[in-house]
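Structure record follows, encoded as structure tokens.
The numbers here are math on the coordinates, done by the rules we state, and not lab data. All figures in this text were calculated on a predicted structure; none of them were measured in a lab. Ideal geometry is used to build each Cβ from the backbone, glycine not excepted, and the neighbour counts take in all protein chains shown.
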Amino acid sequence: MAFPRVQTSRGELRIHESLDDLSTDLVEYISELSDASVKERGVFTIALSGGSLIGLLGKLSEAPYNKTIDWVKWYIFWTDERVVAKSHPDSNYKLAKDGLLTKVPVIPSHVHSINDSLSAEDAASEYEFGIRQLVKTRLISVSDINDCPKFDLILLGMGPDGHVASLFPDHSVLGVKDEWVTFITDCPKPPPERITFTLPVINSASNVAVVVTGGQKAEAVRQAINAADVGPNSVLPARMVEPTTGKLVWFLDQQAALKLDGVAVSK
Ligand SMILES: O=C(O)[C@H](O)[C@@H](O)[C@H](O)[C@H](O)COP(=O)(O)O
């Protein structure tokens, strides 16, 4: 089934009538990127986020994808992680493990989660060090215009305040340019301690998909996507997601898209 796509200056919009349609389109998109990347580079490097996104990936563990995706070529990372034990209900790793990773034949050593025995600061620097080793061997590609890793796909959710990963509005973390992975200890959304990819890493990816559902996020979606009345100095984190050479796609449901100007919501 082909779903409608709208090209805008802020990337491609895919607006869906139901969560089921959104999830069907999202997993097909991921499967196509995985195929293309495995064909071109022999691997697929994907960074996950937490939140409702993971539930929308559930169809990846069902037919046909459980059998058609080349799971052993997947290398899995997190755009952000809560600094809690991996068995803690707040852990983004646990969420993905329970919701997807234990249901598909990924190779455990390809799953790059944080070291949960460290402080936020040390976990961030160790996570960055691990990524640097994989960039050195080119398992993770490198950006053509800076030294940043170029993940094949970064998946982001967005909060009603416009945060993505653990990049929150008005937080100094938005200005971090010289690190790939950084940490915060005062996250406005609990738990307070997080590690997160920085904006330069997100914006160096080959593909970035932002998945947003629900009417309580409609205003942030409007500010993140509609240019006219927001202005260039907006610091809404989701608006700062602007892949330099990569492709940006927004997966929205109708409620989240409700305040977008000039975009017909397909019925
Ligand atoms: O660790 C986190 O808190 C998440 O990575 C976060 O960035 C999430 O993606 C958004 O808060 C959206 O979450 P929902 O989709 O559940 O609203």
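For the chain, just list the percent of Cα-Cα distances falling in each 5 Å bin from zero outward, please.
1, 6, 13, 18, 20, 18, 13, 7, 2, 0
Would you calculate, for the chain, the mean residue ellipticity at 222 nm contributed by helices, counting each DSSP H stretch of 4 or more residues as -39,500 (n - 2.57) and dividing by all residues, to the nearest 500?
-7500 deg cm²/dmol
Along the charge dipole of the stretch 67-136, which of 120, 83, 107 sits closest to the positive end, that is, farthest toward it, with unit charges on the beta carbon of Lys, Arg, Asp and Glu (+1, +1, -1, -1)?
The one lying farthest along the dipole's positive direction is 107.
Quote the relative contact order of the chain in percent (integer), defining contacts as alpha-carbon pairs under 8 Å separated by 6+ residues.
22
May I have the pair-distance distribution P(r) for the stretch 119-209, computed from all Cα-Cα distances with 10 Å bins from 0 and rounded to whole percent?
Distribution as computed: 17, 49, 30, 4 percent.
Please identify the helices of the chain, taking whole runs of DSSP H, that span at least 27 Å along their own axis as judged from the Cα atoms and have a mean Kyte-Doolittle score of -1.0 or higher.
What comes out of the filter, once short or polar helices are dropped, is 19-41.
Just flag the trypsin sites (Lys or Arg not before Pro) in the stretch 1-72 sitting in loop per DSSP whose Cβ has no more than 13 other Cβ atoms within 10 Å.
Answer in residue order: 5.
Return the equivalent ellipsoid semi-axes of the stretch 10-91 as a descending list in whole Å, where each equals the square root of 5 times an eigenvalue of the C-alpha gyration tensor.
Details: eigenvalues 93, 71, 37 Å².
They are 22, 19, 14 Å, listed from largest to smallest.
Hey, if you put +1 on the Cβ of every Lys and Arg and -1 on every Asp and Glu Cβ in the stretch 98-196, which of 133, 169, 158 ends up farthest toward the positive end of that dipole?
Towards the positive end, the residue furthest out is 133.
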